[in-house]
Ligand SMILES: [Mn+2]
């Protein structure tokens, strides 16, 4: 007889009796066998737990429950020598949970009626996405969660030498947001929202399958400290620069857009509050020079730090921290934005403190397409304005999820009514095919404010998938 301990059985006084799993017959027995009736009840709960690990459990489940309940009702609690039904129930529940939790450690298949041999199983084949759901293989809702089922890679560790064309990078940062925080959970929220997407699936309106053109990997999240934004943003800047400095998996005929003439990977960053765009722009500007930014947002984000325009708690000479509303001002100061107002905001509708904000915005280097333009000129008109603005420049796309109407994307830091629908943003993005997208980010997704159905996270993930389609459609050649 081969026993395997799976947890406490029942408490008698202060003493715990242990519960054992009989590996041969798949029944549970109580050590010491102090309470025959309790043993019967526990045995049935246990066999229920074990049944759940087996493929035939559905056929057995109802019988097991029926039997267990029957015995429970017939039982007089006084026989059990335990404090009462509560304690009994807790003891049994815990034992069942233990049996579940430990299930992976032993083969629970019954040796009498099947021939499972884990050692000989081809798990690569068994979990292959080719088999898909109908055979019980890898499906959209199981397996490791990466963005759009891209390949997981330890980009900064053991897999640092593996080549790729696009790195998805999480930037879990929300300590420079002005209203609702929570975007630190954005990266994994967006990944979860993208579980039904795949880089190996066809984007029908774009007529592209990303994996035919690009090797996309998910590098996980950059560790970003929460006590010092300057340090956190430096952590992201260094990580982003490390990814960008690599040589891409694919090379193309023609001259690379990069200053060094090589083909580098592109980074799709999942934020994070919008402040992260500053270190990310430093990265792409380092490789390609100043870039034209297409900024989808309900706010302009070019504001001068307030301490520069009136009194502030900062001491004279103290560095004014960048926020999710001023990062473009710093980007302009640092020369990261393409000159001659070849940068554009799309979807703007937030209130202003002063009309001077628009003057400052123009000085920073942007032109503005407002959210209500969709009513006036339609998605085609907006696409035309974007393309006229950025021309043939290298383009960086940064998309604040609050560009979408809060009815379709409520989980964000600073929602504004009157935004684009998800259908409209898809049409606008699809209209940008051919632009040379050197990098992109999707920011301000704060899953804590999302609905149970993950509506914002699904929207953000789909937008990321469209952007990957744009990257696939235009190699970075001059
Ligand atoms: Mn923003």
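Structural remarks
- 449, 332, 327 arranged by Cβ crowding within 10 Å, fewest neighbours leading: 449, 332, 327
- The stretch 147-473, relative contact order [Cα under 8 Å, separation at least 6], %: 23
- Per-pair calculated FRET efficiency, R0 = 25 Å: residue 202 and residue 251 via Cβ, rounded to 0.05: 0.50
- In plain terms, the chain from residue 449 to residue 353 could stretch by 31.9 nm, reckoned as 0.36 nm per residue minus the Cα-Cα distance.
- Gyration tensor verdict on the stretch 271-338 (Cα atoms; rounded if a/c is under 1.5, prolate if a/b is larger than b/c, oblate otherwise): prolate
- Gain on full stretching of the segment that runs from residue 121 to residue 231 - 0.36 nm per residue minus C-alpha separation: 34.9 nm
- Counting neighbouring beta carbons within 10 Å and listing from fewest to most, the residues 443, 287, 204, 166 come out as 204, 287, 166, 443.
- Largest-first ellipsoid semi-axes for the stretch 178-296, taking √(5λ) over the Cα gyration tensor eigenvalues, angstrom: 26, 21, 13
- Percent of C-alpha pairs per 20 Å bin in the stretch 147-473, short distances first: 35, 60, 5.
- Residue order, fewest to most beta carbons within 10 Å, for 363, 318: 318, 363
- Stretched out straight at 0.36 nm per residue, the stretch from residue 156 to residue 372 would grow longer than its current Cα-Cα span by 73.4 nm.
Computed from the coordinates by the stated procedures, all read-outs in this text should not be read as laboratory data. Keep in mind the model is a prediction, meaning the values are calculated, not measured. Positions of Cβ are backbone-derived with ideal geometry, glycine not excepted, and every protein chain shown enters the neighbour counts.
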